[in-house]
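K.L.:
Would you mind keeping the following structure in view while I ask a few things?
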Amino acid sequence: MAGKATALISDTDSLPLPSDEWRWLHQADALAASGRVEEAVAQLRTLVHALPDSTRGYLRLATLLRQRRRAGEAREILETAVAHVPDCPVSREALADICVEIGRFDDVIQHGKMLLQLQPRSIHARDLLSTAYLHRGQYERALRLTDEMVRLDPFDSAHHFKRGVILQQLGLLSPSCEAFARTLELNPDDELREACQMAIDLLERYQIRQLLTLASEDVLFHLHLLREPQAQVQARGFHLSETAVAVLVAQLAHLTPDYQPGWRHYRCH
């Protein structure tokens, strides 16, 4: 019995003291950098066991686990960190981020709301919440939060792109195109620029098909569309670039309106 007690005391004495936190973190970083990642993980586990309030230790440990594709373990570590220091926004943000990664959107909503209480002007909290609501199909809620993000940081192209995606899901095509156009004006990175251009191209092709259908059913609209295409496009609530309008006009030239005065013409098959 005495021998067992002595062993436990010895084990406890070997654990880091609060003043040693930075040294242990540095040693874990060095181990990870040299490829000894599992040793770094073990060292960080020892650190957070000895110092349950070590937010840095939890964050480093969760980062290494994520890099090793052990997202479930990383989430558990971050949940422990949040449980020990619930008012720390950094660890809660990291937990919400990993919940997005693994698709736990109810948890994202929970942590996002808490983050807004801790940091009422947090753009990241709004981004997390809008992402969760978008995945849940709650587009109006997602849009409200994204509009707040745009208001707080109007020059971030990613906010405008996300707004365009949500508006597209709501079927608001013209505002969606405008949001994507604004994204391009803000000089996004190449990846976002490509995604934005693809979204615009898809929306414009869809709108051109819609306008051609309308023109095929209404000879007056067909004529007006040929004479003043951009004005007629806007009057009907559509949004097309000059290039897309040129494509529309070219296709209109080969379109024969299927129209009978006072009647919509139906074909029976």
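K.L.:
Hey, among the residues in the range 129-146 that are free of Cβ contacts under 8 Å to residues at least 24 places away in the same chain and among the polar types (S, T, N, Q), which one's surrounded by the most Cβ atoms within 10 Å (Cβ to Cβ)?
P.N.:
146
K.L.:
Across the range 166-192, what is the number of residues that are part of a helix (DSSP H, G or I) and open to solvent by less than 40 Å² (accessible area, probe 1.4 Å)?
P.N.:
Looking only at that region, the number is 12.
K.L.:
Right, something else. Restricting to the range 245-254, name every residue that is buried (at least 19 other Cβ atoms within 10 Å of the Cβ) and either among the acidic types (Asp, Glu) or under 16 Å from residue 213 (Cβ atoms) (or both).
P.N.:
Listed by number, the residues that qualify are 248, 252.
K.L.:
Can you find, within the range 41-89, the residue that is modelled with the lowest pLDDT among those that are open to solvent by less than 20 Å² (accessible area, probe 1.4 Å) and either touching a Gly at 6+ places or on another chain (Cβ under 8 Å) or closer than 15 Å to residue 20 by Cβ (or both)?
P.N.:
54
K.L.:
Given the criterion at pLDDT 90 or above and in contact with a His (Cβ under 7 Å, 6 or more places away or on another chain), identify the matching residue among 203, 186, 192.
P.N.:
So the residue among 203, 186, 192 that is at pLDDT 90 or above and in contact with a His (Cβ under 7 Å, 6 or more places away or on another chain) is 186.
K.L.:
Now a separate question. For residue 112, indicate whether it is out of contact with any strand residue (DSSP E or B) (no Cβ under 6 Å at 6 or more places or on another chain), within 25 Å of residue 168 (Cβ to Cβ) and part of a helix (DSSP H, G or I).
P.N.:
For residue 112, the condition - out of contact with any strand residue (DSSP E or B) (no Cβ under 6 Å at 6 or more places or on another chain), within 25 Å of residue 168 (Cβ to Cβ) and part of a helix (DSSP H, G or I) - is met.
K.L.:
Assess whether residue 218 counts as being out of contact with any strand residue (DSSP E or B) (no Cβ under 6 Å at 6 or more places or on another chain) and more than 26 Å from residue 122 (Cα to Cα).
P.N.:
yes
K.L.:
Another question about this same structure. Going through the range 214-241 one residue at a time, which ones are under 38 Å from the mean Cα position of the chain (by Cα) and part of a loop (DSSP other than H, G, I, E, B)?
P.N.:
236, 237, 238, 239, 240, 241
K.L.:
Which members of the range 177-193 meet the condition of being touching a helix residue (DSSP H, G or I) at 6+ places or on another chain (Cβ under 6 Å) and closer than 14 Å to residue 150 by Cα?
P.N.:
179, 180, 182, 183, 186
K.L.:
Still on this structure, I have one more. Would you point out which residue out of 123, 109 is β-branched (Val, Ile, Thr), open to solvent by 30 Å² or more (accessible area, probe 1.4 Å) and within 21 Å of residue 92 (Cα to Cα)?
P.N.:
None of the others qualify; the one that does is 123.
K.L.:
Here's another thing I want to ask about it. Give me the pairs: first residue in the range 221-244 and within 20 Å of residue 202 (Cβ to Cβ) and open to solvent by less than 60 Å² (accessible area, probe 1.4 Å), second residue at pLDDT 85 or above and not in a helix (DSSP H, G or I), beta-carbon distance under 6 Å, and six or more apart or on different chains, which are they?
P.N.:
233/240
K.L.:
Still on this structure, please answer the following. Of all residues in the range 73-85 being out of contact with any Lys or Arg (no Cβ under 6 Å at 6 or more places or on another chain) and touching a residue at least 24 places away in the same chain (Cβ under 8 Å), which is nearest to residue 141 (Cα to Cα)?
P.N.:
75
K.L.:
Give the number of residues within the range 99-141 that are of a type in the set (Val, Ile, Thr) and closer than 17 Å to residue 78 by Cβ.
P.N.:
The total comes to 4.
The values are calculated or read from the model by the stated rules, or taken from the named source; none is laboratory data. All figures in this text were calculated on a predicted structure; none of them were measured in a lab. We place every Cβ from the backbone using ideal geometry, glycine too, and count neighbours over all the protein chains shown. Ligands, DNA and RNA are stripped out before the accessible areas are found, and what is left, the full protein with its side chains, is counted by its heavy atoms. Shrake-Rupley method; radii C 1.70, N 1.55, O 1.52, S 1.80 Å.
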